[in-house]
Ligand SMILES: Cc1cc2nc3c(=O)[nH]c(=O)nc-3n(C[C@H](O)[C@H](O)[C@H](O)COP(=O)(O)OP(=O)(O)OC[C@H]3O[C@@H](n4cnc5c(N)ncnc54)[C@H](O)[C@@H]3O)c2cc1C
C-alpha cells in the first residue's frame, strides 16, 4: 500500500492510497450484493460504509418492520380466532418484548451482511463516509481509492419536510421507531404510504391508538380498488385514516403532540414521520466526480452515470423503485457489466414486483389496471378471481381478497393481488412477466390442492373460460368431433 500524502482538499488529509477494480460506496442491499458477486468472480473490491453494515433494509427497514408486523399479527390472531372453534383470548402485549424480538431478528441476520463476512470473501472494507475527490478517486477517512469503476450504493433516508414547528417537536422516523421501548398510547403517523400503513396496523394490533394523516389519498400509488380493501380492513381494526389532510403545522412536547391540518387538528403522544424518502447523495461531492444528478444519480438503462462512465448507481441511489430486491437486481446487472464486461446489460422495470405487508397484503407486478388501460387500450383484458372462491382461503377463514390480472394479446402485463400471502402469490406472475410467458403457461401449470396459489391458476382460467365455454366455434368443433369420433 502506498502511504504518500495526497492533497484532496478535504478537512481530513489523506495518507493512504488504494487501487481496486471496483470501489463501492454504501454497504446496504445493493452495495453488498455487488461486492459479494464481484469479489467471488475475481475482481478486487473496496467497500466503503459510513454507518451500519447492512444499510436500511437490515437496520431500519424491511427486517425490523417485518419482525414487528409478525409480533403484531400474532397478537391479533389470538384475539380473532373467528369461527374456528377456538376461543379468542385477550393477548398480553409486551411492547418492549416485541422490540426485543425485532432486535434479535436483526442480530440473527446481521452476520450475513457483516464486515467480517465480507473481509473473509476478500473485500477490503473501509468504515467511513466516502466522497469523490476527482473523476477517478473517492476518499473515505484518510484513504483515497482509485478504481476502474465506482458503484454508488448509498441508499436513501427519511424525508422530513420543513413543516412549521417540526424542528421543535420530538418525532420518530423509521430510523428511531424500532428502538422505542414504551408503547405509544396514541401514535400519529404523517404519511399514508406503505411504511405508514404497515406501522399503523402493527401499532394498533400491539395496543396503541393510531391516527394516519395523509396529504392526498392513502396508499395513493396502488390500484385504488385493491388499496380500498386494505384501508377498509385497517379502519375496521381501529386505525383512524385521515386523507386529503396536508399538514400545516406541528407543535407540542413528548406525550402531547398536535398536528394541524385543514381537516382538523390531531393530538397524540408520539409522532412518526413517514412521508417519503430522499436519496443519500449529499455527502458524495458528486460534482467533483463529474457525476450528474438531480434528486438521485442520473443513470442510463445500464445504471451507468450519464456523465462519468466509470461510475454506476444501484438501488435507491439510482432514483427508481426503492426496494431491496430492486437493489439486488441492479447489482446483478452491474456485476455483468462491470465484472464480466457485458456493458450492454440493462435494468428492466416492467417485471419488478413489490408488496406492502399489511394484513391483507397488497402485491403488484408490472402494470396496474389504469396503467395497462393507457398502454394497451382495446387490447387489454382484465381477469379477476376472488379469494372467497378458493377452498384453502375458505378453510382458513381468509376470504378477504382478490386477484386482478391485466392481459394484452394473451400475455400478462400486470397483476395485482390483495389478500393473505399476496407477497408470495405474486411470484408466479413476476416469473411469467419476466420471461414473456403466455397466460397458457399459468393455466397449464398443475398446482397442489388446496393452496392459495390456485388463485393464480383460477385467474388464468378466468381468461380462457369465455374462449372455451359458451363459444359457438368451440361448440361446432365439439359437435363434429362427437359425431365422427369412432
Ligand atoms: C421502514 C421501511 C421498510 C421497508 N420495507 C421493505 C420491504 O419490505 N421490502 C423491500 O424490498 N424494501 C423495503 N424497504 C426499502 C429498502 O429498505 C431499500 O429499498 C433498500 O434498503 C435499498 O438498498 P440500497 O442498497 O439502495 O440502500 P441501503 O440499504 O440504504 O444502503 C445504503 C448504505 O450506504 C451508506 N452510505 C450512505 N452514504 C454513504 C457515503 N457517502 N459513504 C459511505 N456510506 C454511505 C448508508 O449508511 C447505508 O448503509 C423498506 C424501507 C423502509 C424505510
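Does residue 274 satisfy being surrounded by 20 or more Cβ atoms within 10 Å (Cβ to Cβ) and either touching a helix residue (DSSP H, G or I) at 6+ places or on another chain (Cβ under 6 Å) or under 23 Å from residue 355 (Cβ atoms) (or both)?
Numbers: surrounded by 20 or more Cβ atoms within 10 Å (Cβ to Cβ): yes; either touching a helix residue (DSSP H, G or I) at 6+ places or on another chain (Cβ under 6 Å) or under 23 Å from residue 355 (Cβ atoms) (or both): yes.
Yes; evaluated as a whole, the condition is true for this residue.
Residue-by-condition table, conditions (1) in contact (Cβ under 8 Å) with a residue 40 or more places away in the chain; (2) closer than 30 Å to residue 21 by Cβ:
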residue: 60; (1), (2): yes, no
residue: 74; (1), (2): no, no
residue: 78; (1), (2): no, no
residue: 97; (1), (2): no, no
residue: 107; (1), (2): no, no
residue: 111; (1), (2): no, yes
residue: 119; (1), (2): no, yes
residue: 122; (1), (2): yes, yes
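Quickly run through the range 189-224 and pick out the residues that are part of a helix (DSSP H, G or I) and within 16 Å of the ligand (Cβ to nearest atom). Explain how you work it out, then say what you get.
Residues of the range 189-224 that are part of a helix (DSSP H, G or I), as a first pass: 194-205, 224.
Answer for the range 189-224, where residues must be part of a helix (DSSP H, G or I) and within 16 Å of the ligand (Cβ to nearest atom): 194, 195, 196, 197, 198, 199, 200, 201, 202, 203.
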| remark: residue 138: passes all of (1) outside any loop (DSSP other than H, G, I, E, B); (2) more than 11 Å from the ligand (Cβ to nearest atom) but (2)
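Would you mind listing the helices (runs of 4 or more DSSP H) fully within the range 380-449 where at least 3 residues are buried (at least 23 other Cβ atoms within 10 Å of the Cβ) and at pLDDT 95 or above?
422-434
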| Only one of (1) in the same structural domain as residue 430 (by TED's automatic domain parsing); (2) within 28 Å of residue 424 (Cα to Cα); (3) more than 14 Å from the ligand (Cβ to nearest atom) fails for residue 358. Which number is that? | (3)
| remark: In the range 158-171, anything touching a strand residue (DSSP E or B) at 6+ places or on another chain (Cβ under 6 Å) and either within 11 Å of the ligand (Cβ to nearest atom) or modelled with pLDDT under 95 (or both) is listed as 159
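Run down 127, 148 and say which single residue is more than 16 Å from the ligand (Cβ to nearest atom) and in contact (Cβ under 8 Å) with a residue 12 or more places away in the chain.
Details: 127 fails: more than 16 Å from the ligand (Cβ to nearest atom).
The unique qualifying residue is 148.
Just to be sure before I move on: is residue 98 closer than 30 Å to residue 70 by Cα and in a helix (DSSP H, G or I) in the structure I sent?
Working: closer than 30 Å to residue 70 by Cα: yes; in a helix (DSSP H, G or I): yes.
The answer is yes for residue 98.
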| query | When only residues in the range 32-57 that are more than 14 Å from residue 125 (Cβ to Cβ) and within 11 Å of the ligand (Cβ to nearest atom) count, which is surrounded by the most Cβ atoms within 10 Å (Cβ to Cβ)? | reply | 56
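The values are calculated or read from the model by the stated rules, or taken from the named source; none is laboratory data. Source: prediction; values computed, not measured. Neighbour counts are summed over all protein chains in view; Cβ atoms, including those assigned to glycine, are modelled from backbone coordinates with ideal geometry.
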